[in-house]
1. Cα centroids of the range 87-102 and the range 353-392: how far apart, whole angstrom?
2. In whole Hz, what ³J(HN,Hα) sequence does the range 300-316 give by Karplus (6.51, -1.76, 1.60; θ = phi - 60°), x for Gly and Pro?
3. Sort the following peptides by mean Cβ neighbour count (other Cβ atoms within 10 Å, averaged over residues), highest first: 138-147, 357-366, 477-486.
4. Rounded to the nearest 500, what is the 222 nm mean residue ellipticity of the chain from helices alone, with -39500 (n - 2.57) per DSSP H run of 4+ residues and division by all residues?
5. Could you work out what % of the accessible surface of the chain is carbon and sulfur, using a 1.4 angstrom probe and leaving DNA, RNA and ligands out of the count?
6. Amide H of Val298 versus every other amide H placed in the peptide plane: which residues, excluding those fewer than 5 positions away on the same chain, fall under 5 Å?
7. Starting from the amide H of Phe483, placed 1.01 Å from N in the peptide plane, find each other amide H under 5 Å away whose residue is 5 or more places distant or on another chain.
8. Using the Cα centre as the reference, give the magnitude of the dipole from point charges on the C-beta atoms of the chain (Lys, Arg: +1; Asp, Glu: -1; all else neutral), rounded to the nearest 20 debye.
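The values are calculated or read from the model by the stated rules, or taken from the named source; none is laboratory data. A quick note: this is a predicted structure, and the numbers were derived from the prediction, not measured. Heads up, the Cβs are rebuilt from the backbone with ideal geometry, glycines too, and the neighbour counts pull from every protein chain shown. What goes into the accessible areas is simple: the full protein's heavy atoms, side chains included, and nothing from ligands, DNA or RNA. Shrake-Rupley method; radii C 1.70, N 1.55, O 1.52, S 1.80 Å.
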Amino acid sequence: MSVFPRVSLRPEVYEHLRHVFLNQELLAAVGRAEAERRFQGLLLVLSHPPGFTCVRASTHLAPLEEVRRRLAQELQQRQQTTVAVEILLHPRVPDVLLLPVIGPRSLVPLRSEVVVGAQCGSAVLRGANVFAPGIVATPKFMKPGDAVSVFSDVDGRCTRGCTKPFQGNKVFVGNGVSEMHRATIFAQEPAKGLGVRMTEPLYQSPSFDGVLPDLVFLQNLPSVVVGHVLGPRPGERVLDMCAAPGGKTCHLAGLMKNQGEVLALDRIRNKVELIRQNAAALKLTCVRSFCFNSTQAVTSDPALLATDGPPFPPSSFDRVLLDAPCSGLGQRPSMTVGWTLKEITSYSPLQRKLLHAAVQLLRPGGVLVYSTCTVTLAENEEQVAWALQTYPCLSLVPQEPHVGGPGLPGAGLTPDQLKLLQRFSPELSNVAPPLATEAPPPLSNEAPPLSTEAPPPLSNEAPPLCTEAPPLSHQADRDTIGFFIAKFLKN
């Protein structure tokens, strides 16, 4: 059910994306009407949160069922209820726990309004409380204990510290209780800590702030799938080229049972510290992180080689993960994207530089996984086509698990090559699933085994729903962020 308008884009960005999703290859495959419907569905679904909260369990520290039991107990205690918290297992991703999101709920906004920034508003829609730095405006005499409604400033137009009701573009995200005085929030010294405790969020999902930090890690489902697709083994040497904040790095180390070596690079120093903190919290001693530009991470000059860190000589790693910097257009919820077309199209050259370094750093017979959290062709399928043409040593190989859809036509890849790619397309979450030779396994409470026409007018109506709801596992795999994964073998 849609409650928000479609994501707001600059006109030139809208036309660019529409051209991507109405390219000739796709039109030939599904027809113009279906292609247009998918594009408009994408714009709508991007402004809404996914239907499941995904948690990755630290199965290197405790069995999945134990993590699940302790998480249910912790959340039940925090919510002060006797009602059991629903936590589902994924049938094909053995360290994932899924919590269905309840919403949108029928709520009545209150008279007292707190306005928060768009980023804070998006976090609230995914289960977070409101922290003081995210608050932009409050009632004039707000004090702890006051009941308030929280609105997200979609366009960033609200004046900080404003006391009058904000009349700009805002959306209601729920009701809560103030935990701070207004004077504290807007003091000269920036306030920290909890500002509004959400008691009636529009989308109900537990807050994970401080919940079992050594056993659970909030992570989107495709981001967990990436680690399994790379498939690191104990004792191997693995490189994460763009690692911050370290969620995927730590997952790789956990899959290796903390045996071997995971080297994590990022060019921003304070983000590198986050990697170290996350690894320490998860008791992962095989992770080493460095502040370094990964485009310069390979060299054949002995004089430039470091003793234990970057740059590295060619063929240094068994597996390489390149979760590349990207335009991020698959992130949800996102009600507005203020970037220009120039900014959105600026990532492709950087991604190719990183791919060039990755191929050199990978040993023959090694595995390279390339991923992004965006929906464009230029950053996904076109990069795959370029890599295959530029580096004859690379070939696409099957991914396991493969819970997303195939790649998007439009980059000149063959149908067989598209099937080897994995694209998570949330715009398909509200349409009937494609025909399959066998039904996907349902979500379970049993632990899985380890191993040329004018576009239609814009409206706020969702694309037509299929008459029969697909299995929960199918919903969880589709109703996620937009994401892309390619897996290469270096021959």
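1. With the range 87-102 and the range 353-392 each reduced to a Cα centre, they are spaced 30 Å.
2. Here the 3J(HN,Hα) series is 9, 8, x, 5, 9, 5, 7, 6, 9, x, x, x, 10, x, x, 6, 8 Hz.
3. The most tightly packed comes first, giving 477-486, 357-366, 138-147.
4. One gets -8000 deg cm²/dmol as the mean residue ellipticity at 222 nm.
5. Roughly 54 percent, rounded to a whole number.
6. Here the answer is Phe312, since their amide H atoms fall under 5 Å of that of Val298.
7. Amide H to amide H, under 5 Å and 5 or more residues apart or across chains, Phe483 pairs with Phe424.
8. About 980 debye.
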